[in-house]
Amino acid sequence: LKVVLSGLEGYGFDIEWSANLIPATNWNALWESQFEPIVVDGKCTIKASFHEGLKKTRFNITIDPKMAFGTGHHQTTTMMVKALLDLNGEGEKSAELCGADGLLGGWRSVRGKQVLDMGTGTGVLAILAAKMRAKRAVHAIDVDIVAVNSAKENAWKNRLAEAVHTLYGDGSLIQANKYDLILANINRNILMQDMDTYYRGMRKGGVLVLSGFYTEDIPILENCAVEKGFKMVATRDIDNWASIILYKE
């Protein structure tokens with residue numbers, strides 16, 4: 001600031017400025033207090049620990065979001081939850097995707113599948129996959145240590161501490177030929193950057209679900225994914241946000 005202001009000397013006016021130290025604050029505190037529960041497709045409820053007396057759904061997830069992303073309110077997280085319901089045979093696209101004649105080659109449910117939640121945020125998707133009886137343990141990775149700690153805490157709140165394994169890092173942690181299902185709700189550039197890593201980290205017959213980008217980005221993501229070896233299966237969009245489902249043959 002001093003450097004910038006020094007360049008304004010001699011212009012015929014005076015400048016006064018001051019600086020104050022702002023202590024570390026949970027800027028989401030007010031938002032957290034206004035956090036309303038969300039129900040996706042009547043089957044998955046995402047709520048805070050202080051919400052009581054809510055009607056139970058098929059899957060009930062309790063989180064305290066703090067500074068991490070992914071409460072289910074954002075369109076991208078909602079679409080990822082919808083995709084998981086689809087892949088578990090309980091969503092609006094399940095008939096299209098699952099079963100002997102489905103687009104996913106006989107995929108029937110998340111049960112018993114090795115799952116990775118890349119960019120886990122609060123851990124909502126990892127927790128939901130664990131509740132769907134995915135193979136223990138679901139891996140939840142994030143580059144933000146706050147998110148990692150939040151996901152770990154939320155897994156504990158949902159009595160899934162042993163079923164969700166949280167890791168601090170990026171796509172380099174993905175193990176080759178390890179996963180049946182990879183969930184990545186990040187952003188277009190990171191998804192494109194890590195597309196080859198996702199492909200190498202997935203078993204044959206595996207499914208990749210992506211979100212975090214706009215509808216106009218779908219062709220860009222599709223071209224990148226197909227180039228790496230994936231098959232495009234389905235798309236979904238809400239308010240110009242998009243998600244896609246891909247398959248490794």
Restricting attention to segment 176-190, report how many residues are small (Gly, Ala, Ser) and part of a helix (DSSP H, G or I). 0
Total residues in segment 124-141, condition open to solvent by less than 20 Å² (accessible area, probe 1.4 Å) and over 11 Å from His165 (Cβ atoms): 7
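Asp170 - would you say it is more than 24 Å from Ile38 (Cβ to Cβ) and touching a residue at least 40 places away in the same chain (Cβ under 8 Å)? Step through it out loud before you land on a result.
On the way: more than 24 Å from Ile38 (Cβ to Cβ): yes; touching a residue at least 40 places away in the same chain (Cβ under 8 Å): no.
The answer is no for Asp170.
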Please verify whether Lys82 is among the basic types (Lys, Arg) and assigned to a helix (DSSP H, G or I), treating the condition exactly as stated. yes
Would you confirm, using the coordinates I've provided, whether Ala151 is of a type in the set (A, V, I, L, M), within 21 Å of Thr77 (Cα to Cα) and either open to solvent by 50 Å² or more (accessible area, probe 1.4 Å) or at pLDDT 95 or above (or both)? no
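Return a yes/no flag: does segment 94-102 have any residue that is part of a loop (DSSP other than H, G, I, E, B), in contact (Cβ under 8 Å) with a residue 24 or more places away in the chain and surrounded by fewer than 21 Cβ atoms within 10 Å (Cβ to Cβ). Write out each step before concluding.
First, pick out the residues of segment 94-102 that are part of a loop (DSSP other than H, G, I, E, B): 98-102.
Pick out the ones that are also in contact (Cβ under 8 Å) with a residue 24 or more places away in the chain and you get none.
No; the residues of segment 94-102 include none that is part of a loop (DSSP other than H, G, I, E, B), in contact (Cβ under 8 Å) with a residue 24 or more places away in the chain and surrounded by fewer than 21 Cβ atoms within 10 Å (Cβ to Cβ).
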Please determine whether any residue of segment 172-184 is among the basic types (Lys, Arg) and either touching a Gly at 6+ places or on another chain (Cβ under 6 Å) or closer than 26 Å to Lys131 by Cβ (or both). yes
Please count how many residues of segment 38-52 are at pLDDT 85 or above and either within 17 Å of Met80 (Cα to Cα) or surrounded by fewer than 15 Cβ atoms within 10 Å (Cβ to Cβ) (or both). 10
Pull up segment 182-195, narrow it to residues that are under 16 Å from the mean Cα position of the chain (by Cα) and among the polar types (S, T, N, Q), then point me to the one that is most open to solvent (accessible area, probe 1.4 Å). Asn189
Within segment 171-181, take every residue that is in contact with a strand residue (DSSP E or B) (Cβ under 6 Å, 6 or more places away or on another chain) and either over 29 Å from Leu97 (Cα atoms) or modelled with pLDDT under 95 (or both) and give me the one that is surrounded by the fewest Cβ atoms within 10 Å (Cβ to Cβ). Asn177
Selection from segment 219-249 of residues that are in contact with a strand residue (DSSP E or B) (Cβ under 7 Å, 6 or more places away or on another chain), open to solvent by 30 Å² or more (accessible area, probe 1.4 Å) and in a helix (DSSP H, G or I): Glu222, Val226
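For residues in segment 154-170 being farther than 21 Å from Met132 by Cβ and open to solvent by 50 Å² or more (accessible area, probe 1.4 Å), which is modelled with the lowest pLDDT?
From segment 154-170, those farther than 21 Å from Met132 by Cβ are 168-170; that's our starting set.
From the residues that got through so far, the ones that are open to solvent by 50 Å² or more (accessible area, probe 1.4 Å) too are 168, 170.
Values: Tyr168: 95, Asp170: 92.
Here the answer is Asp170.
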Across segment 196-218, which residue is most open to solvent (accessible area, probe 1.4 Å) among those that are farther than 16 Å from Leu183 by Cα and in a helix (DSSP H, G or I)? Glu216
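The values are calculated or read from the model by the stated rules, or taken from the named source; none is laboratory data. Owing to the predicted nature of the structure, the values given are computational and were not obtained by experimental measurement. All Cβ positions, glycine included, derive from the backbone under ideal geometry; neighbour counts span all protein chains shown. Surface areas here come from the heavy atoms of the whole protein model, side chains and all, with no ligands, DNA or RNA. Shrake-Rupley method; radii C 1.70, N 1.55, O 1.52, S 1.80 Å.
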